[in-house]
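**Student:** Have a look at this one.
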Amino acid sequence: MGTKAKGTIEAKSWDEQAYSEIEGGPKLAASKGVDLYHGDVEGEATYGGITVYDPSGSAVFMSVQRLTGRLGDREGSFVVQIDGTVDAAGNTKAGWKVLPGSGTGQLKGLRGKGGFVYGEKENSYTLDYDFA
């Protein structure tokens, strides 16, 4: 990949609803929300996903997020697929990849991968990207 974007993430809204709970087993929950991106990506992202909570308090999650705004000097939107973990303290670490064909506007042809961390000490992202 040719260019590396980085910056910070700020949670704007978050809603989660459990949809399957078994005593002594993992809890399944669906979430949706909005994040604000600052830095090389400037804009707003809406997402929806599924989280599986281990009884110990840690979790794994999968989600899809559409980022709308600016990447570098280009404007448009793109969609990322996210896979991540949450530790018992609530710190999140995730990897993501841009879904092929999801770029709009000046972001058509965007390809990339990266990730983010979100927790008490750091809320940052990276995206290594280029254009097809």
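**Student:** Evaluate the following for GLY69: is it assigned to a strand (DSSP E or B), in contact with a helix residue (DSSP H, G or I) (Cβ under 9 Å, 6 or more places away or on another chain) and not charged (D, E, K, R)? Even if it seems obvious, please write down each step before you answer.
**Tutor:** Values: assigned to a strand (DSSP E or B): yes; in contact with a helix residue (DSSP H, G or I) (Cβ under 9 Å, 6 or more places away or on another chain): no; not charged (D, E, K, R): yes.
The answer is no for GLY69.
**Student:** Would it be correct to say that SER63 is small (Gly, Ala, Ser), surrounded by 15 or more Cβ atoms within 10 Å (Cβ to Cβ) and in a strand (DSSP E or B)? Explain how you work it out, then say what you get.
**Tutor:** Details: small (Gly, Ala, Ser): yes; surrounded by 15 or more Cβ atoms within 10 Å (Cβ to Cβ): yes; in a strand (DSSP E or B): yes.
Answer is yes for this residue.
**Student:** Counting only residues that are closer than 19 Å to VAL79 by Cβ and either modelled with pLDDT under 90 or among the aromatic types (Phe, Trp, Tyr) (or both), which one in the range 119-132 is farthest from the chain's Cα centre (by Cα)?
**Tutor:** We begin by selecting, within the range 119-132, every residue closer than 19 Å to VAL79 by Cβ; these are 125-132.
Now narrow it down to the ones that are either modelled with pLDDT under 90 or among the aromatic types (Phe, Trp, Tyr) (or both): 125, 129, 131.
Values: TYR125: 9, TYR129: 16, PHE131: 20 Å.
Within the range 119-132, the match that is farthest from the chain's Cα centre (by Cα) is PHE131.
**Student:** May I ask you to verify whether LYS121 is under 18 Å from ALA5 (Cβ atoms) and either out of contact with any helix residue (DSSP H, G or I) (no Cβ under 6 Å at 6 or more places or on another chain) or among the hydrophobic types (A, V, I, L, M, F, W, C) (or both)? Even if it seems obvious, please write down each step before you answer.
**Tutor:** On the way: under 18 Å from ALA5 (Cβ atoms): no; either out of contact with any helix residue (DSSP H, G or I) (no Cβ under 6 Å at 6 or more places or on another chain) or among the hydrophobic types (A, V, I, L, M, F, W, C) (or both): yes.
Here the answer is no, as LYS121 does not meet what is asked.
**Student:** For residues in the range 89-118 being within 14 Å of GLY76 (Cα to Cα) and of a type in the set (D, E, K, R), which is surrounded by the most Cβ atoms within 10 Å (Cβ to Cβ)?
**Tutor:** Applying the first criterion (within 14 Å of GLY76 (Cα to Cα)) to the range 89-118 yields 98, 101-111.
Now restrict to residues that are of a type in the set (D, E, K, R): 108, 111.
Values: LYS108: 14, ARG111: 17.
Applying the filter and picking the extreme gives ARG111.
**Student:** Right, next: Could you run through the range 72-100 and say how many residues are without any contact (Cβ under 8 Å) to a residue 24 or more places away in the chain, of a type outside the set (Val, Ile, Thr) and part of a strand (DSSP E or B)?
**Tutor:** 4
**Student:** Further question: Anything in the range 101-132 that is among the small types (Gly, Ala, Ser) and free of Cβ contacts under 8 Å to residues at least 40 places away in the same chain? List them, or say none. Walk me through how you get there before you give the answer.
**Tutor:** Filtering the range 101-132 for residues among the small types (Gly, Ala, Ser) gives 101-103, 105, 109, 112, 114-115, 119, 124, 132.
If the condition is that a residue be among the small types (Gly, Ala, Ser) and free of Cβ contacts under 8 Å to residues at least 40 places away in the same chain, then GLY101, SER102, GLY103, GLY105, GLY109, GLY115, GLY119, ALA132 are the ones that fit.
**Student:** Name the residue that is farthest from the chain's Cα centre (by Cα), counting only residues in the range 1-48 that are in contact (Cβ under 8 Å) with a residue 40 or more places away in the chain and not in a strand (DSSP E or B).
**Tutor:** So, considering only residues that are in contact (Cβ under 8 Å) with a residue 40 or more places away in the chain and not in a strand (DSSP E or B), the one farthest from the chain's Cα centre (by Cα) is GLY2.
**Student:** Next question, about the same structure. Would you point out the residue of the range 52-67, among those that are over 13 Å from the mean Cα position of the chain (by Cα) and among the polar types (S, T, N, Q), that is nearest to THR8 (Cα to Cα)?
**Tutor:** Here the residue is SER58.
The values are calculated or read from the model by the stated rules, or taken from the named source; none is laboratory data. As the structure is a prediction and not an experimental result, all values here were calculated from the model. Note: ideal-geometry Cβ built from the backbone for every residue, glycine included; neighbour counts use all protein chains shown.
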